[in-house]
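Trainee: Structure provided below as structure tokens; questions to follow.
The values are calculated or read from the model by the stated rules, or taken from the named source; none is laboratory data. Bear in mind the structure is a predicted one, so any value in this text is a computation, not a measurement. Here Cβ is always computed from backbone atoms with ideal geometry, including for glycine, and neighbour counts include all displayed protein chains.
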Amino acid sequence: MTEDKILWTARYAEGDLNETESLAYESLLKHDQELKEHLLDYLEAHGSLRMLFAYDNERKSLVSTLEALNEEYFDNIEAAEAEIDTVQPKVTKLSTYLRWVSGLAAVFVLGMLIWAPWKGDLYEQFNAAPQMNVAERGAEKTDLDQAATLFNDKKYQEAKVALSKLNLADSQNAMVTYYYGVSLIETSEVAKGRLLLEELFKGDSVYKYDAAYAMAMSYLKEDKKVDTRFWLEKIPDGAVQFEKAQQLLKKL
Amino acid sequence: MTKKVHEDQRYVTALLTNDVALVNEIYKKCAGKVKSFVLFNNGNADDAADIFQEALVDIYNQAKYKDLQLTCPFEPFLLLVCKRKWLNELKKKSVSPVTKGEDDLLHIGEDTFEQAEVLAQQQEQNVLFLQAFEKLGERCKEIIRWSMKGEAQEKVAETLGVTYGYLRKKKSECMASLVKLIDRKND
């Protein structure tokens, strides 16, 4: 009976009951303590899972703000630590040798974290630079041909300028938008690039899943695994990038 | 009786709306105090920044997904949350803090302790829900994970290759399974 009540509660909360069933549920809810507890449990669980899995752009914006403010308010470490050192006695004193070794180890660990060869490998392995294929229609190179040449030569800075003009002239051109977005990301204009790619993903062009994969790569480069997974999971079976996305998901 | 929402709820709203000026005000009021506390207790400025940021994001999450209503002043609440977080970190590292527990916080009102306690309990609850989630079958996990992302359910159904009706029915069943797991845990 309890299990039926839990399922009934879930169906009620999900708006899955018809009007008569909902009214019956609400009527029982008034005096059935057990049902009330199930509903509370359900709402708590739902809130927690939303907190964990929601793609929360507002939270991302807040984190950016906090990171910027952290630099302003938590910097100047040495001065503050020196100040504390004068009032706080050291709990344990390491021998000079041990301090030297642990210092070296810390530098090594830090170095490894920055260098992070394992991360680089994964990014290198999965971020095959896309090639911009355009059919040349005559002897004279068009702006699109020139942009493609620059992009394929990995001259992203110059490609970005050329693609920006093309994008401005025709913002509905999905191919231009995609390569422009990738160029922006490659030249450290990550936020702008992601905006374009996200918009592209929302549409129905043939570049929809290319955009999702490029988004995933942009996060992989920053070692943001949750976001990388989020975008890889958007690529459905049947899409060109599906196999690669699945392989990467397994490795993450 | 429902407690009155404190006027400092505006700081919580500032976190929700990313109101940079007001968030900056929070830093001005509290960052220095948290930094001093962490530095005095075997931490460094980076630790302090991490703890401060984590606490603010926890408060944001609590407000957005669990409807947190502040019934006490914001500053002591945030300081208490940060201090508890840092003391927990020290505990994990088996380092004894210089400050003894929360003796130095005796001037803080009961409401503040209560509010910080609720936040801590919610965090524990999140862990329990996640553990229960992990015990579900793969299909249920996939359905719940996708449904919670915030996209239109019609789109989720399309992505998962199922009908909208099936998605809704299955989601109810999966959520019920999850609640049952929690229900058994509490027995």
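Trainee: Do you know which of the residues in segment B:30-57 that are β-branched (Val, Ile, Thr) and without any contact (Cβ under 8 Å) to a residue 40 or more places away in the chain is farthest from the other protein chains (Cβ to nearest Cβ)?
Mentor: Step one: filter segment B:30-57 for residues β-branched (Val, Ile, Thr), giving B:34, B:38, B:51, B:57.
From what's left, without any contact (Cβ under 8 Å) to a residue 40 or more places away in the chain: B:51, B:57.
Numbers: B:51: 10, B:57: 7 Å.
Checked segment B:30-57; the qualifying residue farthest from the other protein chains (Cβ to nearest Cβ) is B:51.
Trainee: Which ones in segment B:158-182 are touching a residue at least 12 places away in the same chain (Cβ under 8 Å) and either more than 9 Å from every other protein chain (Cβ to nearest Cβ) or touching a Cys at 6+ places or on another chain (Cβ under 6 Å) (or both)?
Mentor: B:167, B:170, B:174, B:181, listed by residue number.
Trainee: Residue by residue through segment A:222-241, note down the ones that are surrounded by fewer than 23 Cβ atoms within 10 Å (Cβ to Cβ) and part of a helix (DSSP H, G or I).
Mentor: A:225, A:226, A:227, A:229, A:230
Trainee: Against the definition (surrounded by 23 or more Cβ atoms within 10 Å (Cβ to Cβ) and closer than 30 Å to residue A:49 by Cα), how does residue B:63 come out, yes or no?
Mentor: Numbers: surrounded by 23 or more Cβ atoms within 10 Å (Cβ to Cβ): no; closer than 30 Å to residue A:49 by Cα: yes.
For residue B:63, the condition - surrounded by 23 or more Cβ atoms within 10 Å (Cβ to Cβ) and closer than 30 Å to residue A:49 by Cα - is not met.
Trainee: Given the conditions (1) of a type in the set (S, T, N, Q); (2) at pLDDT 90 or above; (3) on the phi > 0 side of the Ramachandran plot, and given that residue B:94 satisfies all but one, which numbered condition is not satisfied?
Mentor: The number of the failed condition is (2).
Trainee: Quick one: which residue in B:60, B:27 is within 8 Å of another protein chain (Cβ to nearest Cβ), part of a helix (DSSP H, G or I), among the hydroxyl-bearing types (Ser, Thr, Tyr) and more than 18 Å from the chain's Cα centre (by Cα)?
Mentor: Values: B:60 fails: more than 18 Å from the chain's Cα centre (by Cα).
Exactly one residue qualifies, and that residue is B:27.
Trainee: Same structure, new question: Filter segment B:144-157 down to the residues that are more than 9 Å from chain A (Cβ to nearest Cβ) and surrounded by fewer than 20 Cβ atoms within 10 Å (Cβ to Cβ) and list them by number. Steps first, please.
Mentor: Of segment B:144-157, the ones more than 9 Å from chain A (Cβ to nearest Cβ) are B:152-157.
Passing the criteria: B:152, B:153, B:154, B:155.
Trainee: Could I ask something else about it? Can you tell me which residue among A:209, A:179, A:219 is in contact (Cβ under 8 Å) with a residue 24 or more places away in the chain, under 22 Å from the mean Cα position of the chain (by Cα), surrounded by 18 or more Cβ atoms within 10 Å (Cβ to Cβ) and within 21 Å of residue B:145 (Cα to Cα)? Walk me through it before giving the result.
Mentor: Working: A:179 fails: within 21 Å of residue B:145 (Cα to Cα); A:219 fails: in contact (Cβ under 8 Å) with a residue 24 or more places away in the chain.
Result of the check over A:209, A:179, A:219: A:209.
Trainee: I've got another one for you. Quick one: residue B:72 ticks every box in (1) modelled with pLDDT of 90 or more; (2) in a helix (DSSP H, G or I) except a single one, so which number is it?
Mentor: Exception for residue B:72: condition (2).
Trainee: Among the residues of segment B:19-54, how many are polar (S, T, N, Q), in contact with a Ser or Thr (Cβ under 7 Å, 6 or more places away or on another chain) and either modelled with pLDDT of 95 or more or on the phi > 0 side of the Ramachandran plot (or both)? Full working, then the answer.
Mentor: We begin by selecting, within segment B:19-54, every residue polar (S, T, N, Q); these are B:24, B:36, B:41-42, B:44, B:53.
Filter again for in contact with a Ser or Thr (Cβ under 7 Å, 6 or more places away or on another chain), leaving B:41.
Next, from what is left, pick out any that are either modelled with pLDDT of 95 or more or on the phi > 0 side of the Ramachandran plot (or both): none.
Counting residues in segment B:19-54 that are polar (S, T, N, Q), in contact with a Ser or Thr (Cβ under 7 Å, 6 or more places away or on another chain) and either modelled with pLDDT of 95 or more or on the phi > 0 side of the Ramachandran plot (or both) gives 0.
Trainee: Still on this structure, I have one more. If you check residue B:118 against the conditions, is it within 17 Å of residue B:62 (Cα to Cα), within 11 Å of chain A (Cβ to nearest Cβ) and among the hydrophobic types (A, V, I, L, M, F, W, C)?
Mentor: On the way: within 17 Å of residue B:62 (Cα to Cα): yes; within 11 Å of chain A (Cβ to nearest Cβ): no; among the hydrophobic types (A, V, I, L, M, F, W, C): yes.
No; evaluated as a whole, the condition is false for this residue.
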